[in-house]
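Notes to accompany the following structure.
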Amino acid sequence: LVTGDDEGVVKLWDTRMCGNAPKKSGFDNCMTKQKGCVTTFSSNNDYISGFECDADGTTLLASSADCTLSIFDIRKISNAYKKGRDLTSTTTTVTESAKRSDDQEDELLSICTMKRGKKVVCGT
């Protein structure tokens, strides 16, 4: 699960780590306790308006109101799960995305991949 907030922070969640709380859904429990947050990316300066992930789950695209498209490499997190590493005790904070587009002079409000993930279209 991926979320973006008004300050441009992108969080990658593992809902299996949220635990169970009475009278709350698993996601609500995650959000209040921050227990299921696996990684935080904080390279954007304004709200996150959309997400797109590639087919193999290793690259995350985020459109933002700061007029940029960010590309996050989430392979390290994916590889940690494949190796069975315990991520329940730590949250990784990444201050820079793998890549970031030039300023597009208008906020990016939506995102879509085309041509089997080879092309990205953003709407303003």
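Ignoring aspartates and glutamates fewer than eight residues from Lys118 along the same chain, the ones with Cα atoms less than 17 angstrom from its Cα are Glu52, Asp54, Asp56, Asp73.
Residue pairs exceeding 20 angstrom between C-alpha atoms, taken from Lys11/Lys115; Lys11/Lys99; Lys35/Lys99: Lys11/Lys115; Lys35/Lys99. For the pair Leu1 and Asp102, a Förster radius of 30 Å applied to the C-beta separation gives a FRET efficiency near 0.55, rounded to the nearest 0.05.
The numbers here are math on the coordinates, done by the rules we state, and not lab data. The structure displayed is predicted, hence computed values, not measured ones. Note: ideal-geometry Cβ built from the backbone for every residue, glycine included; neighbour counts use all protein chains shown.
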